[in-house]
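Everything on this sheet refers to the single structure shown next.
The values are calculated or read from the model by the stated rules, or taken from the named source; none is laboratory data. Predicted model only: the values in this text are computed from it and were never measured. Because the Cβ atoms are built from the backbone with ideal geometry, glycine has one as well, and the counts that use them run over all protein chains shown.
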Amino acid sequence: MLIAEDLLLLLTDDDTGKLATSGTQVDVALGGALLIELTLAERVEITGPEDRGRQGRLVVKDPSPTGDSMLDEALATVARKEGRKPQNVVSALGKRARIRLYERLVERGLLGADERRILGIFPSRRWLSRDAGHKTAVRAGLAAALRQGTTTDARTGALVSLLLALKAVHKAVDLASIGLTKREANANAKRIAEGDWAATAVRQAIDSMNAAVLAAITSATAAGASGSS
């Protein structure tokens, strides 16, 4: 399972198939999840202070196939945009990723595609839970990390960081069941996101994804204000 698949599962309501937060923000976060996965797999890295004038740029470290078609396509996208800042690439990585990830989850038997027509005319598709076992296990791992405020598992750390950027920690985990308030959970999530589970390159990828999500939120807010005026 990709980190992006786990993230999308966590953000999709089991009963309604609706996203827990804005689709635009989720798409950016999915792109960030793919970038983080490539960084964890040491296929991509981000230039550091020693690269004068080109610090904070994406570089393909290893172009060899990952064994996963989506990651291979994401790696090819990074290669085409090599030398750019990560926050300028995550949107491209997340573009059209959501539907493909949903289809993969259906193939895995975790979700089912409910096809229907609105008013008998407009086609609509909902992604409803079929097998909640994997999602329950991922949530349990997140709950344990949030309760302790720490983790040594890179995948869990990445998921917490992504959810924190989306302001959706409380939407992915039942906080009452682990005895935390929303404020306490967010504080622990921030502690995890800043923890030492991630190497420098991964931390840079997460920081860049956070910047891209914030930019998407700001853009959506500005568009909404413009439309209402």
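As a summary of the residue check, residue 208 satisfies the conditions (1) more than 14 Å from the chain's Cα centre (by Cα); (2) touching a residue at least 12 places away in the same chain (Cβ under 8 Å) except for the one numbered (1).
Across the stretch 58-86, the number of residues qualifying as small (Gly, Ala, Ser), surrounded by fewer than 17 Cβ atoms within 10 Å (Cβ to Cβ) and under 18 Å from the mean Cα position of the chain (by Cα) comes to 1. Residue pairs whose Cβ atoms lie under 6 Å apart, separated by 6 or more positions or on different chains, with the first residue in the stretch 103-116 and closer than 16 Å to residue 14 by Cα and the second aromatic (Phe, Trp, Tyr), are 111/127. Going through (1) farther than 27 Å from residue 168 by Cα; (2) buried (at least 19 other Cβ atoms within 10 Å of the Cβ) one by one, residue 5 falls short only on (1).
Answer with yes or no whether residue 39 is touching a Phe, Trp or Tyr at 6+ places or on another chain (Cβ under 8 Å) and surrounded by 13 or more Cβ atoms within 10 Å (Cβ to Cβ). Criteria not met by residue 39.
Candidates are the residues of the stretch 1-47 that are part of a loop (DSSP other than H, G, I, E, B) and charged (D, E, K, R); the one that is farthest from the chain's Cα centre (by Cα) is 15.
Filtered by the rule that a residue be within 11 Å of residue 7 (Cα to Cα) and part of a loop (DSSP other than H, G, I, E, B), the stretch 128-165 gives no residues.
Apart from one condition, residue 114 fits all of (1) in a loop (DSSP other than H, G, I, E, B); (2) modelled with pLDDT under 95; the exception is (1). Residues in the stretch 152-165 that are surrounded by 18 or more Cβ atoms within 10 Å (Cβ to Cβ) and closer than 16 Å to residue 140 by Cβ: 155, 156, 157, 159, 160, 163. Among the residues of the stretch 54-70, those that are within 22 Å of residue 207 (Cβ to Cβ) and in contact with a helix residue (DSSP H, G or I) (Cβ under 6 Å, 6 or more places away or on another chain) comprise 58, 60. The residue pairs whose first member lies in the stretch 130-153 and is at positive phi, whose second member is in a loop (DSSP other than H, G, I, E, B), and whose beta carbons are closer than 9 Å, counting only pairs six or more residues apart or on different chains, are 149/195.
If you check 168, 185 for being without any contact (Cβ under 8 Å) to a residue 40 or more places away in the chain and buried (at least 21 other Cβ atoms within 10 Å of the Cβ), only one passes: 185. The requirement of being touching a Leu at 6+ places or on another chain (Cβ under 9 Å), among the charged types (D, E, K, R), over 19 Å from residue 198 (Cα atoms) and touching a residue at least 40 places away in the same chain (Cβ under 8 Å) is fulfilled nowhere in the stretch 77-84; no residue meets it.
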